């Protein structure tokens, strides 16, 4: 069979306000139905709210939240001799970022009763402190990897 054509990574433009690729990526993750301007508004408003409540730079809190939520290890299922093993593997850099973003946005979206900007701001502040739903998700993933360390030699 012929090989497939190689997929090339697309160049992502930095966001207009802070000139950061990480933020541009986060805004893209936040976006639904192609409405980028809506997700930009939500994100920038969330950073403003964070700055108001913490009296610190919103960007600083965002970076700290991302760093705290980023996983080091995760488990991957592998079938060996008729049994499925959860094998702990190190998470590669692009996936680390993608998971952290997904967990932060998912945790914010899962909360009820407030506008998304407020929920996102609250989740970012909690994650920066090492608390919240996104942090719990990360700790569960780390705990799973730690518990299955005995199968690391299958990796």
Can you tell me which of 46, 109, 100 moves the most in a GNM of the chain? Springs connect C-alpha atoms under 10 Å apart. 109
Using Cα pairs under 8 angstrom and six or more residues apart, how large is the relative contact order of segment 1-138, in percent? 23
Report, in degrees rounded to the nearest 10, the 0 to 90 angle that the Cα long axis of helix 116-129 makes with the longest principal axis of the chain. 60
One finds the C-alpha centres of segment 1-34 and segment 119-155 to be spaced, in Å, by 24
With springs only between Cα atoms under 10 Å apart, run a GNM on the chain and tell me which of 79, 136, 33 wobbles the most. 33
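Quote the FRET efficiency, to the nearest 0.05, computed for residue 90 versus residue 45 with a Förster distance R0 of 22 Å and r equal to the Cβ-Cβ distance. Intermediate values should be presented prior to the final figure.
On the way: r = 35 Å, r/R0 = 1.61.
E between residue 90 and residue 45, to the nearest 0.05, is 0.05.
Nearest 500 deg cm²/dmol is fine: what mean residue ellipticity at 222 nm does the chain get from its DSSP H runs of n ≥ 4 alone, each adding -39,500 (n - 2.57), divided by its residue count?
Numbers: 6 runs with 89 residues, N = 155.
Calculated from helices alone, the mean residue ellipticity at 222 nm is -19000 deg cm²/dmol.
Taking 0.36 nm per intervening residue step and subtracting the Cα-Cα distance, what contour gain separates residue 150 from residue 33 on full extension? Show your work: numbers first, answer last.
Details: separation 117, 0.36 × 117 = 42.12 nm, distance 4.30 nm.
This chain segment gains 37.8 nm when fully extended.
Every read-out reported here was derived from the displayed coordinates using simple, explicitly stated rules and does not represent laboratory data. Predicted, not measured: the structure shown is a model, and the values here were computed from it. Because the Cβ atoms are built from the backbone with ideal geometry, glycine has one as well, and the counts that use them run over all protein chains shown.
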